[in-house]
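The structure appears below as structure tokens.
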């Protein structure tokens with residue numbers, strides 16, 4: 001069943017979602033869809049009008065079984081299309097937000113003239129991935145020029161660090177069902193610099209190992225998020 005994220009609870013669907021229902025999916029009056037609102041509540045709904053503006057009637061609320069706390073991914077800005085890969089699959093593993101930031105060893109650099117378009121594209125990827133994963137919400141994607149401009153308050157901070165050989169995510173998080181926010185930090189292709197390591201350590205970050213192998217930055221983020229997700233299942 002197709003799922004759509006709506007901006008308000010007015011029982012109407014417009015713009016791209018309406019086009020998708022009418023033209024791409026060729027749905028008819030009486031067909032069922034799933035709608036999700038900003039309050040993260042989702043419903044099965046029946047279409048009552050299929051036109052340029054779609055109208056629907058809620059039938060039944062969909063009860064979410066998600067136990068994952070808020071998880072923020074701070075990703076060192078990667079090169080090429082790796083940001084798209086990270087966004088797509090991190091969304092499927094339940095990340096709450098993704099902050100791409102320049103770090104010392106980042107090969108890619110931010111460009112104020114292009115960043116807004118890049119963020120818009122990544123946000124669309126996140127929404128589509130969340131829709132396909134049947135999430136009740138989708139992560140917010142942002143760019144941040146410096147790690148010092150990001151808030152780290154009231155969170156368990158996990159730093160994926162290639163020199164850490166023993167401490168794992170499960171050892172840090174344990175098997176408790178704490179609802180405390182988790183911040184996961186993954187460096188770019190070149191890893192974490194000594195200055196950045198010192199900065200994060202002073203914030204109380206726990207360095208974690210992702211295994212014996214060195215993973216590509218986009219794979220490291222996805223792997224770590226999959227482990228976090230498995231702990232809270």
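Between residue 119 and residue 52, what is the FRET efficiency for a Förster distance of 30 Å, r being their Cβ-Cβ separation, to the nearest 0.05? With R0 = 30 Å, the Cβ-Cβ based efficiency is 0.55. To the nearest ten degrees, helix 217-231 and the longest principal axis of the Cα atoms of the chain are 70 degrees apart. With neighbour counts taken as other beta-carbon atoms within 10 Å, the residues 214, 21 rank, fewest first, as 214, 21. Calculated over the range 3-62, the projected area of the Cα convex hull averaged across directions stands at 3.4 nm².
With the helix formula -39500 (n - 2.57) applied to DSSP H stretches of n ≥ 4, the chain reaches a computed 222 nm mean residue ellipticity of -8000 deg cm²/dmol. Among the listed values (i) 1.38; (ii) 1.28; (iii) 1.12, the one matching Cα Rg over 2.2 N^0.38 Å as calculated from this structure is (iii).
In plain terms, the residue of 213, 121, 135 with the fewest other Cβ atoms within 10 Å comes first and the most crowded comes last, giving 213, 121, 135. For the pair residue 153 and residue 199, a Förster radius of 25 Å applied to the C-beta separation gives a FRET efficiency near 0.95, rounded to the nearest 0.05.
None of the figures in this text is laboratory data; all of them are computed from the coordinates on show. Since the structure is predicted, the reported quantities are computational estimates derived from the model, not experimental observations. Counting neighbours? That spans all protein chains shown, and the Cβs are built from the backbone with ideal geometry, glycine included.
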